[in-house]
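Asker: Sharing a structure, written as structure tokens. Questions coming.
The values are calculated or read from the model by the stated rules, or taken from the named source; none is laboratory data. A quick note: this is a predicted structure, and the numbers were derived from the prediction, not measured. Positions of Cβ are generated from backbone atoms using ideal geometry, with glycine treated the same way; all protein chains shown enter the neighbour counts. Ligands, DNA and RNA are stripped out before the accessible areas are found, and what is left, the full protein with its side chains, is counted by its heavy atoms. Shrake-Rupley method; radii C 1.70, N 1.55, O 1.52, S 1.80 Å.
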Amino acid sequence: MQKESLMWRMSSLLGLRGNMTVPYQLLLIRDTFTTAFVKNLIVVLVWLTLSYINGTLVVTFFRHQTFYDDPRYILFIHMVINDAIQLTVTIMLFILSYIFYKINVAFCCFFILVAVFTTRNTPVNLAAMAIERYIAICEPLRYTQICTVRRTYIVIGMIWFICVAPDITDLFVTLATESLSFFHESVFCLRQNVFKDPILAYKRQAFDIIYFSCVFLILVVTYLRILFAARALSTDKTSAQKARNTILLHGAQLAMCMLSYVSPSVEVVLHIIFPGRILEIRFANYLIVYILPRFLSPIIYGVRDKKFREYLRMYFLSNRCRNKERKVTPDV
């Protein structure tokens, strides 16, 4: 039994995870109640913090018409909403893994697919935002013709299509190969536990390589083109420098997203170096790989962007004034 357990844990560690969106692999080792409580508390507090930040950004966007006509901010708020959904689903799975341990296969399929779709969306959306910045700096006279609001929404639709299409086939293959009773069973909610065909793992790897290679290439090309354009006398060097810095931050965000593909190997190495600390290693990995990148989106546009920062300040000032008015009670 011990040998079988050890083999199962190692196969989970070394397994192909693709776009894993669940913080823990299925381990027979369980946390103590105190440890589990502290971890879940940390995760929930982080979720509440990010939800407040993302909610503030979304409310600020939808309250001001000026953002509706700017493709840059439309793409930004799409990524904020997408990341909020992804974070909510992954944290929900995190908590459910402690409360119920196993959940219904049908519900697990839904959660996994939503998490995978939103995880894939982030790097592709980053590529679209980098291209928008490239056009704004290198083709300023044609910007209003190329980057229209209608085309921006078409691009968002295309982002969802190219991110959903490859992975929805996992569901169709599972429906074709598994019996109906399988979807009434309960499993620990991992992608490989519900989409079990080995071919699907290789397919996911192939698409992951294609997606991230294309996004990485787009970020490098747009950065270099903006860098060269900044040296031209006719180019606004301040705007070009800001655009380059933005793309660099996109690159850092992409690199963090790519950590999910090397984290299984890193976990194995750390487990060898620090035996008996696998649960702590996995929790740290979850925070770094799946939580930390979600803090970058608000920083890139919510704090660095002058226009958005001004409207955010107005939002907080208006809320503060409202709160003061509520505290003042009129004399009767």
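Asker: Does region 113-179 come out rounded, prolate or oblate, given a ≥ b ≥ c as the square roots of the eigenvalues of its C-alpha gyration tensor, rounded meaning a/c under 1.5 and, failing that, prolate meaning a/b above b/c?
Answerer: Judged from the Cα gyration tensor, region 113-179 comes out prolate (a/c at least 1.5, a/b above b/c).
Asker: Using the Karplus curve 6.51 cos²θ - 1.76 cosθ + 1.60 with θ = phi - 60°, what ³J(HN,Hα) values do you get for each residue of region 81-89, in whole Hz, with x for Gly and Pro?
Answerer: Here the 3J(HN,Hα) series is 5, 4, 5, 5, 5, 4, 5, 4, 5 Hz.
Asker: Would you list Val59, Val105 from the most to the least accessible area, probe 1.4 Å?
Answerer: Val59, Val105
Asker: Counting only protein heavy atoms, what percent of the accessible surface of region 45-158 is carbon or sulfur at a 1.4 Å probe?
Answerer: 70 percent
Asker: With θ taken as phi - 60° and the coefficients 6.51, -1.76 and 1.60, list the Karplus ³J(HN,Hα) couplings across region 91-101 in order, rounded to whole Hz; mark glycine and proline as x.
Answerer: Values per residue, Gly and Pro as x: 5, 4, 5, 4, 5, 4, 5, 8, 6, 9, 6 Hz.
Asker: So what is the accessible area of region 137-189 per residue, in Å², with the probe set to 1.4 Å?
Answerer: Roughly 63 Å² per residue, with all protein chains present.
Asker: How high is the relative contact order of region 25-157? Use alpha-carbon pairs under 8 Å, at least six apart in sequence, and give a whole percent.
Answerer: Once divided by the residue count of region 25-157, the mean separation gives 29 percent.
Asker: Measuring from centroid to centroid over Cα atoms, what is the spacing of region 40-89 and region 268-283 in Å?
Answerer: If we compute the Cα centre of each part, the gap is 33 Å.
Asker: Evaluate the distance, in nm, between pseudo-label points positioned 7 Å from the Cα of Met158 and of Gln205 along their respective Cα→Cβ axes.
Answerer: Distance between the two pseudo-spin positions: 3.0 nm.
Asker: Given the Cα-Cα distance of Ser213 and Val58 and 0.36 nm per residue of separation, how much length would full extension add, in nm?
Answerer: 52.8 nm is the gain from fully extending Ser213 to Val58.
Asker: Moving to a separate point now. Find the all-direction average of the projected area of the Cα convex hull for region 26-112, expressing the result in square nanometres with one decimal place.
Answerer: 7.2 nm²
Asker: List the residues of region 178-194 whose backbone N lies under 16 Å from a point placed 7 Å from the Cα of Ala106 along the Cα-to-Cβ direction.
Answerer: From region 178-194, the list is 178-187.
Asker: Given the whole protein assembly as supplied and a 1.4 Å probe, what does the accessible area of Ser51 come to in Å², nearest 10?
Answerer: Per-residue accessible area (Ser51): approximately 50 Å².
Asker: Here's a follow-up. Note down the nm distance, to one decimal, between modelled labels 7 Å out along Cα→Cβ at Asp69 and at Arg277.
Answerer: Simple spin-label model gives 5.6 nm for this pair.
Asker: Sticking with this structure for a sec: Hey, with R₀ at 51 Å, roughly what FRET efficiency would Val268 and Arg309 work out to, going by the Cβ-Cβ distance, to 0.05?
Answerer: Here the calculated transfer efficiency is 0.75.
Asker: If DNA, RNA and ligands are ignored and the probe is 1.4 Å, what is the ranking of Phe316, Phe188 by accessible area, most exposed first?
Answerer: Ranked from most to least accessible, the order is Phe316, Phe188.
Asker: Could you give the length gained by full extension between Phe37 and Thr177, i.e. 0.36 nm per residue of separation minus their alpha carbon distance, to one decimal place?
Answerer: 46.5 nm
Asker: Please give the contour-minus-distance gain from Val149 to Ile99: 0.36 nm per residue of separation, less the Cα-Cα distance, rounded to one decimal in nm.
Answerer: 13.6 nm
Asker: Short version: ³J(HN,Hα) in whole Hz for each residue of region 118-131, in order, from phi by Karplus 6.51 cos²θ - 1.76 cosθ + 1.60 (θ = phi - 60°), x for Gly and Pro, what are they?
Answerer: Karplus-based 3J(HN,Hα) across region 118-131 equals 5, 5, 5, 4, 4, x, 5, 5, 4, 5, 4, 5, 5, 5 Hz.
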